[in-house]
Amino acid sequence: MDINQKTLQTLEFDKILGQLADLAPTAGAKDRALCLLPDDDAVVVARRLLRTRDARRLLDDKGMPSFGRVIDTSDALDRAAKGATLSPRELLDIGNVLRTSRGLLDYSRTNRHFDTVLDEIFERLLPDKKLEDKIYRAIISEDVIADEASPALSDIRRKIRVANNRIKETLQHYITAGSYAKHLQENIVTMRNGRYVIPVRVESKNEIKGLIHDTSSSGATIFVEPMAVVDANNELRMLEVKEQREIERVLAELSAAVATVGGALSLNYQNITELAFLFTCAKLADKMGATEPLITEDRTVNLKKARHPLIAPDRVVPVSVSLGREWDTLIITGPNTGGKTVTLKTVGLFALMAQAGLHIPADEGSELCLFDRILVDLGDEQSIEQSLSTFSSHMVHIVSIVKSVTPRSLVLFDELGAGTDPVEGAALAVSIISHVRGVGALTVATTHYAELKAFALDTEGVQNASCEFDVATLRPTYRLVIGAPGKSNAFAISEKLGLPQSVVADAKSRISEENRHFERVIEALERTRLAADRDREEAAKLRAELERAKADARQAAEKLQREATAMLESAQAKAVGLVESARASSEYIFAQLEEVRRQRESEHLGEALDKARRAVRTHLRENEERFNPVEERTNQEYKLPRPLKKGDEVYLVDIDKKGVLLSDPDRSGNVQVQAGIIRTRSKVGNLRLIENEPLVGGPGEKKTPARDYKLSISREFRDEIDLRGQTGDEAWFMVDKYFDTAMIAGFKTLRLVHGKGTGALRAALWGYLKKDRRVKSFRIGRYGEGDGGVTVVELK
């Protein structure tokens, strides 16, 4: 795409890149963001937008992955490839690249709910857990190498610790022994030049034999290494040299291992940076409330409720801009500070963002075509150094635009033709727009010239648009209205600001009749448009209310239909069951009657009748169980205090109602219950006896069944009581009642908060607790429970 840096700055694309860079999780992604440029290749743009879309899907589904703040390690990898030994800091940075690669791959493969175009980038990551562990096991920080880096290093450091202890023990003898202590300036062991020494008074230098390593600034103290520890210090220095050599060997070994996989590490960093950049684009889109634009092959710009991303969300006014289908040129008019330039910038900026692969803050369905050039003449470009006036400076840019415009260009003119004689400026503006249209470019221009408004009215393919202005408040509404030219409202604004009415009237009289007629036409059009907008908004509101009412009515009707269908199906099933039960029972009875008839003459008639009666009853009972079964409900926690009998008042667990037994339980454990207007059969296990259930409640409180009272107590009860500030007797009075409530609520472990203080309150409470039969055990609180300020009690 042919675009210069000045155009990017004019349309404030660089500020969008600044916002993008601020969201980047890595330095590499930040650099990518600041270097992002738009492209006019359809395949490239489509791939960029698709990657941003899929990054947003992953962001919504799994959240932001960790990028570990990886940094570019290419210099370290190049040095390792040449055989250099890397520093601990460089190795830790490489380990971070490996760890981040493994984490990103796990992020991609874990809980995958859909495929994305980013999967290919994730799968290009090459973790090396073995090398990663080796680095982190050997290097704790850039200044600390772990003992576990190698067995030799661990052995050397063990010997260093032994040597250190031996030296300190020897020097401690000098500090504690009376014969030596009197010669010391201080009873301490210190170090000079890496060797252990003791501070000796300068006048006693001959009393302690050894090597002098340093003197104090005052000269009163010399730092002596006693001869008894010289050999031990020498051994310690040799061990320290060995330690340093072993550390260098470990680092060299790790550097060599890194060099063997340098290519994979370099690719990992590139892929991490690419993913970090794509997720940054996704975060920016979420922050802006942006949507993916539709890239069309037609020469079309159709922005729906576009919001300029650099204006605060609570202040920005959405604009809808259409260009390219019915008209290829848009002439925007209206007063100053009315939003014309913002609209112009929004169109250009959104084109740049879309072609850079960024989503745009506009409604779904917004469309943009691809431009090979975006040509802009915007702002006051007056140059004193080049002796250019405002008009001349504008014309320099316009000449450049006219020479470089192509059929696939987007051209943006701000105040075209301004800065010179209005008649000549308007004529030039019309000619320039006509030329650009002739080439085939899409054009948006802002102006105050009435001639350009008339040009748009008279020319096919050119459309007027205006930025609304509320004359009553002297404030712009910033709404863009396509199809109607706007007024500059200079007279109204001037009069509102206090210019004498006579001056305004004189100014109006100096306008030609033709211009006055044109302005009156515009006013009439504006009034008509405003009325139409009000009617349209009212119609849209009524339509929305009607649609909601229709939807609510439809849902209600569907719900009633479903309920009716379910009830009908249930009734039909029950009827079929009853019919089947009756048919089966009648057939069996008829069969038994036939059998009795055959045995009528038999001497065993009475016995046969008894047998038939028993068989009929059994069969009826079996059929009732089959076609009118009792639903089994669990009520395991409750046990009946006594067997149920006819007339008992009971509570039915499954339907949450009270009822009265109409019969004693049968052998199957079923009973007939009358619950209000409902008569039903139920299992005994589904019932609770409430005939003699006690009513409980405090003085003045409403009495409730014990079952409900216990439930309410359990909901409100806390397993801790604060007794601080009470005397022993007062505290026990509270605890005594508290224990009763706890047992009703079913709590066994309680915390009595008495504070630490003098311990008198705790001692008084413990005396009462030892005598209370409700207490199983008690103890002082542990760490995290309140320590000595709490007693933990276990109830029986």
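Do the conditions hold for Lys130, that is, is it among the basic types (Lys, Arg), under 60 Å from the mean Cα position of the chain (by Cα) and closer than 30 Å to Ala257 by Cα?
yes
From the list Arg158, Arg192, pick out the single residue that is out of contact with any strand residue (DSSP E or B) (no Cβ under 7 Å at 6 or more places or on another chain), of a type in the set (Lys, Arg) and open to solvent by 50 Å² or more (accessible area, probe 1.4 Å).
Selected residue: Arg158, the only one of Arg158, Arg192 that is out of contact with any strand residue (DSSP E or B) (no Cβ under 7 Å at 6 or more places or on another chain), of a type in the set (Lys, Arg) and open to solvent by 50 Å² or more (accessible area, probe 1.4 Å).
Just checking, does the stretch 703-716 include any residue being at pLDDT 55 or above and either part of a loop (DSSP other than H, G, I, E, B) or closer than 20 Å to Gly767 by Cα (or both)?
Looking for residues that are at pLDDT 55 or above and either part of a loop (DSSP other than H, G, I, E, B) or closer than 20 Å to Gly767 by Cα (or both), one finds none in the stretch 703-716, hence no.
For the stretch 291-331, which residues satisfy the criterion of being touching a helix residue (DSSP H, G or I) at 6+ places or on another chain (Cβ under 8 Å) and over 29 Å from Leu20 (Cβ atoms)?
Hits for the stretch 291-331 are Asp328, Thr329, Ile331.
When only residues in the stretch 482-516 that are under 21 Å from Val423 (Cβ atoms) and at pLDDT below 65 count, which is most open to solvent (accessible area, probe 1.4 Å)?
Glu514
Which one is nearest to Arg237 (Cα to Cα), of the residues in the stretch 202-213 that are open to solvent by less than 70 Å² (accessible area, probe 1.4 Å) and not in a loop (DSSP other than H, G, I, E, B)?
His213
For the subset of the stretch 214-235 comprising residues that are among the hydrophobic types (A, V, I, L, M, F, W, C) and in a helix (DSSP H, G or I), which member is surrounded by the most Cβ atoms within 10 Å (Cβ to Cβ)?
Checking each candidate, the answer is Val229.
For residues that are open to solvent by less than 90 Å² (accessible area, probe 1.4 Å) and among the β-branched types (Val, Ile, Thr), scanning just the stretch 30-59, find the one that is nearest to Gln19 (Cα to Cα).
The selected residue is Thr52.
If I filter the stretch 767-787 for residues that are among the β-branched types (Val, Ile, Thr), open to solvent by less than 60 Å² (accessible area, probe 1.4 Å), modelled with pLDDT of 85 or more and more than 48 Å from the chain's Cα centre (by Cα), do I get at least one hit?
yes
Anything in the stretch 108-127 that is open to solvent by less than 30 Å² (accessible area, probe 1.4 Å) and either more than 25 Å from the chain's Cα centre (by Cα) or in contact (Cβ under 8 Å) with a residue 12 or more places away in the chain (or both)? List them, or say none. Give the derivation first.
We begin by selecting, within the stretch 108-127, every residue open to solvent by less than 30 Å² (accessible area, probe 1.4 Å); these are 108, 116, 118-119, 121-122, 125.
Answer for the stretch 108-127, where residues must be open to solvent by less than 30 Å² (accessible area, probe 1.4 Å) and either more than 25 Å from the chain's Cα centre (by Cα) or in contact (Cβ under 8 Å) with a residue 12 or more places away in the chain (or both): Ser108, Thr116, Leu118, Ile121, Phe122, Leu125.
Search the stretch 444-458 for residues that are of a type in the set (Lys, Arg) and pair each with any residue that is outside any helix (DSSP H, G or I) when their beta-carbon atoms are under 7 Å apart and the residues are at least 6 apart or on different chains.
Every condition considered, the pairs that remain are Lys453/Ile331; Lys453/Thr333; Lys453/Asn464; Lys453/Pro485.
If you take the residues in the stretch 312-332 that are more than 21 Å from Phe13 (Cα to Cα) and either among the aliphatic types (A, V, I, L, M) or touching a Cys at 6+ places or on another chain (Cβ under 8 Å) (or both), which one is surrounded by the fewest Cβ atoms within 10 Å (Cβ to Cβ)?
Gly324
Restricting attention to the stretch 355-365, which residues are under 21 Å from Cys467 (Cβ atoms) and either open to solvent by 10 Å² or more (accessible area, probe 1.4 Å) or more than 26 Å from the chain's Cα centre (by Cα) (or both)?
Passing the criteria: only Asp363.
Suppose we filter the stretch 36-53 for residues that are over 11 Å from Ile295 (Cα atoms) and under 28 Å from the mean Cα position of the chain (by Cα); how many remain?
7
Considering only the stretch 1-29, state which residues are part of a helix (DSSP H, G or I) and either more than 30 Å from Thr73 (Cα to Cα) or without any contact (Cβ under 8 Å) to a residue 12 or more places away in the chain (or both). Show your work before the answer.
Residues of the stretch 1-29 part of a helix (DSSP H, G or I): 5-10, 13-22, 27-29.
If the condition is that a residue be part of a helix (DSSP H, G or I) and either more than 30 Å from Thr73 (Cα to Cα) or without any contact (Cβ under 8 Å) to a residue 12 or more places away in the chain (or both), then Gln5, Lys6, Thr7, Leu8, Gln9, Thr10, Phe13, Asp14, Asp22 are the ones that fit.
Any idea which residue in the stretch 556-567 is nearest to the chain's Cα centre (by Cα), counting only those that are open to solvent by 100 Å² or more (accessible area, probe 1.4 Å) and of a type in the set (A, V, I, L, M, F, W, C)?
Restricting attention to the stretch 556-567, the residues satisfying the condition of being open to solvent by 100 Å² or more (accessible area, probe 1.4 Å) are 559-562, 567.
So of that shortlist, the ones also of a type in the set (A, V, I, L, M, F, W, C) come out as 560, 567.
Working: Leu560: 40, Met567: 45 Å.
Restricting to residues being open to solvent by 100 Å² or more (accessible area, probe 1.4 Å) and of a type in the set (A, V, I, L, M, F, W, C), the top hit is Leu560.
Going through the stretch 737-759 one residue at a time, which ones are farther than 13 Å from Val792 by Cβ and open to solvent by 60 Å² or more (accessible area, probe 1.4 Å)?
Lys737, Asp740, Met743, Ile744, Lys756, Gly757, Thr758, listed by residue number.
The values are calculated or read from the model by the stated rules, or taken from the named source; none is laboratory data. None of these values were measured; they are calculated from a predicted model. Here the Cβ is made from the backbone with ideal geometry for all residues, glycine too, and neighbour counts use every protein chain on show. The protein model used for the area step is the full one, side chains on, heavy atoms only, and it has no ligands, DNA or RNA in it. Shrake-Rupley method; radii C 1.70, N 1.55, O 1.52, S 1.80 Å.
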